[in-house]
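Written below as structure tokens is the structure these notes are about.
Values quoted throughout were computed directly from the atomic coordinates according to the rules given, and no laboratory measurement underlies them. Remember, it's a predicted structure, so these values are computed and weren't measured experimentally. Cβ sites come from the backbone with ideal geometry, for glycine too, and all protein chains shown count toward neighbours.
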Amino acid sequence: MSERRGGISKAVIVAGGRGTRFLPATLAIPKEILPIFDRPMLFYALEEAANSGLTEIVLISAPGKAVMENYVTLRGEELARALGEHASAAAVQGLMDSLRVTIVHQNEPLGLGHAILQAADAVGDEAFAVILPDDIVNAETPVLAQMLAAYADHPGIHVGVEHVAGEAISAYGVVDVEPAGGDDKRVYRVTGLVEKPDPDDAPSDLGIVGRYIFPGSIFDAIRRTPPGAKDEIQITDAMEIQRREGTPTFAFAFDGVRYDAGNPLGHLRAAAAFALSRPDVSEEARAILEEALSRE
Ligand code: G1P
């Protein structure tokens, strides 16, 4: 694959949350290991990183999430034995063997900015990507691959965005934008960022979804970021600090359908969509869903 990725090889996957929106399942299982149809939520993030040409994963975990950590460290013969003759064996093994995974812990839930800061030593000074695995995007070209190509043309900070209707915007980081002026109309220049605004104060209807590209200097900005919304250290606030200090900042309205799989209804929607889009099971999945509806 000839990707343009502006020299980026690392993806930070943020999976240190406690999964409170998914209780009681998450009393026993990390949310990121819950399957969306037959693959754990985390698998989609690993696959997106690998299919975007990235090779090094920094997984932000937390105490009590050993099950998830074991999942990403399975390799080689152990993995082959576990998969046996399963139809996906070669693909899963190919994926896992293409990635080097470093695990770091976020020991206290102090916010998304704080979670990303835990990757500072593992990432170093270089630019890197971030994936929030709750946000799963079904796209022909992986979202990160789309964003890395835009990054190669416009160095700086990049965030994935989509249009969000009505009051729901207050659950997001929101960007104020102007046209970036290039050929790709999906790329906007960001002129302001705010985390979880009141709907009346939102600067636009463009909400940030869980895909980012950062320069290594973001870690210094996070260290200088005071607690914000929900009294947590917000990555949106750290980006706004860097933007005001002169870092070019872009929003990218990606192609693809995004699912918020981090809550039960969003998860249901994602599972149905992924089952329907899988040629091997789509017909049966459709029949099952129609039957469930007709019984209502
Ligand atoms: C986080 C970010 C927010 C972003 C969202 C995307 O919020 O803080 O800016 O819009 O992820 O899913 P959370 O959903 O963790 O509250």
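Using the rule -39500 (n - 2.57) for each DSSP H run of four or more residues, divided by the residues of the chain, the 222 nm mean residue ellipticity is -9500 deg cm²/dmol. Counting only DSSP beta bridges whose two residues both lie in the range 1-156, roughly 10 percent are antiparallel. Across the range 24-101, the relative contact order, built from alpha-carbon pairs under 8 Å that are at least six residues apart, equals 35 percent. Mind checking the log10 I(q)/I(0) for the chain at q = 0.11, 0.16 Å⁻¹? Debye, one equal scatterer per Cα, no solvent, two decimals. Summing over Cα pairs of the chain leads to -0.66, -1.42. Within the shell of other residues whose beta carbon sits under 14 angstrom from the beta carbon of GLY16, the net charge comes to -2, with Lys and Arg scored +1 and Asp and Glu -1. Under 20 Å of direct C-alpha separation, and excluding same-chain neighbours fewer than eight residues apart, LYS65 reaches these lysines: LYS31.
Please state the shape class of the range 200-296: rounded when a/c is under 1.5, otherwise prolate if a/b exceeds b/c and oblate if not, all from the C-alpha gyration tensor. Prolate, because a/c is 1.5 or more and a/b exceeds b/c. Averaging the sequence gap over all C-alpha pairs within less than 8 Å and six or more residues apart, then dividing by the number of residues, gives the chain a relative contact order of 22 percent. Separation of the range 220-236 from the range 40-110 is 28 Å, based on Cα centroids.
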